[in-house]
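S.K.: Dropping a structure here in structure tokens format, bear with me for questions.
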Amino acid sequence: MVDKLKEFRRDKGWTQQEMAEELGVSRSLVAMMESGGAEIAPKVMVRLRGLGFDGGEVGDPLIPASQLLVPVTYIGYIAASDPVNWTDPFESETFEFVPPEMGDPRGRFACRISSDSMYPLLEPQDVCVFQRTDVPRIGHVILFRSEDGLVTVKQLKHDGEQYILLPLNARYDAFPAEGAMLGYLVGIVRERGTQRITIYDSSGIIP
């Protein structure tokens, strides 16, 4: 296993630090895993498999890449029509599994939607993947923290005088964006029975 791990990293052309960044772990842990001084934790193995490693033949995943799911930090349910208390995503020890193109342990996190204020783009139970940033992105669907520490999902607009948070569902009202942007929406995963529908745009999803 340790020889395969080192071979896999070298085939990718990564330094130990670069591999650590891909996995969301420290460089010292990568060095210990390669030397046999540390076991590969299950969540790290899932990330490795998402990158194409299976511990057997290098570059030959256990299942087809199109079916792989990789973990991103999960912050729980967010009520898009009713802000809820915020937990720093990168302090969470919970993960949501998403398609590999949506996974990035360095700056992405996920939540689930629990209301219909962003319908028809977002439906209750949808998994939403956000790219972390504090730079305003007008027109994008964002995760926003208000000044009193509450969090909501809305579309960011500007009315000529101030930023506003706009629900897509006409039954809900827009309100001033007084607080900080935490990330913009890059992925949606919707599961209905055995069917999985995904939408992904690394530059951000604009309704």
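S.K.: For every helix of n ≥ 4 consecutive DSSP H residues, a contribution of -39,500 (n - 2.57) applies; sum these over the chain, divide by its total residues, and give [θ] at 222 nm rounded to the nearest 500 deg cm²/dmol.
M.R.: Counting only the DSSP helices, I get -5000 deg cm²/dmol.
S.K.: Also: Apply 1/(1 + (r/R0)^6) to the Cβ-Cβ distance of residue 173 and residue 4, taking R0 = 45 Å, and write down the FRET efficiency to the nearest 0.05.
M.R.: That pair, residue 173 with residue 4, gives E of 0.20.
S.K.: Return P(r) of the chain (all Cα-Cα pairs; 5 Å bins starting at 0; whole %; ordered from short to long distances).
M.R.: 1, 7, 15, 18, 17, 12, 10, 8, 6, 3, 2, 0
S.K.: Quick one: compute the contact order of the chain, relative version, from alpha carbon pairs under 8 angstrom and 6+ residues apart, as a percent.
M.R.: Normalised by residue count, the contact order of the chain is 16 percent.
S.K.: For the residues 23, 51, 143, 150, what sequence is obtained by ranking on other C-beta atoms within 10 Å, fewest first?
M.R.: Placing the least packed residue first, the sequence is 150, 51, 23, 143.
S.K.: Straight distance only, please: which lysines reach the Cα of residue 12 with their own Cα at less than 23 Å, same-chain residues fewer than 8 apart left out?
M.R.: Answer for residue 12, where 23 Å is the Cα cut-off: 4, 43, listed by chain and number.
S.K.: If you don't mind, another one. Can you list the residues, at least 5 places off or on another chain, whose amide H is less than 5 Å from the amide H of residue 109, using H built in the peptide plane?
M.R.: Those qualifying (amide H under 5 Å, at least 5 residues apart or on another chain) are 130, 132.
S.K.: Can you give the charge dipole size of the chain about its Cα centre, rounded to the nearest 20 debye, using +1 on the beta carbon of Lys and Arg and -1 on the beta carbon of Asp and Glu?
M.R.: That gives a dipole near 320 debye.
S.K.: Just to verify a number: FRET efficiency for residue 43 and residue 191, C-beta to C-beta distance, R0 = 22 Å, to 0.05?
M.R.: The calculated FRET efficiency here is 0.55.
S.K.: Let me ask something else. Which of 125, 188, 153 sits closest to the plus end of the dipole of segment 89-191, meaning its Cα is farthest towards the positive end, when Lys and Arg get +1 and Asp and Glu get -1 on the C-beta?
M.R.: About the Cα centre, the residue reaching furthest to the positive side is 188.
S.K.: Next question, about the same structure. Quick one: net charge of residue 157's neighbours, Cβ under 15 Å, K/R +1, D/E -1?
M.R.: -2
Every read-out reported here was derived from the displayed coordinates using simple, explicitly stated rules and does not represent laboratory data. No experiment lies behind these values; they were computed from the predicted model shown. Neighbour counts run over all protein chains shown; Cβ positions are idealised from the backbone, glycine included.
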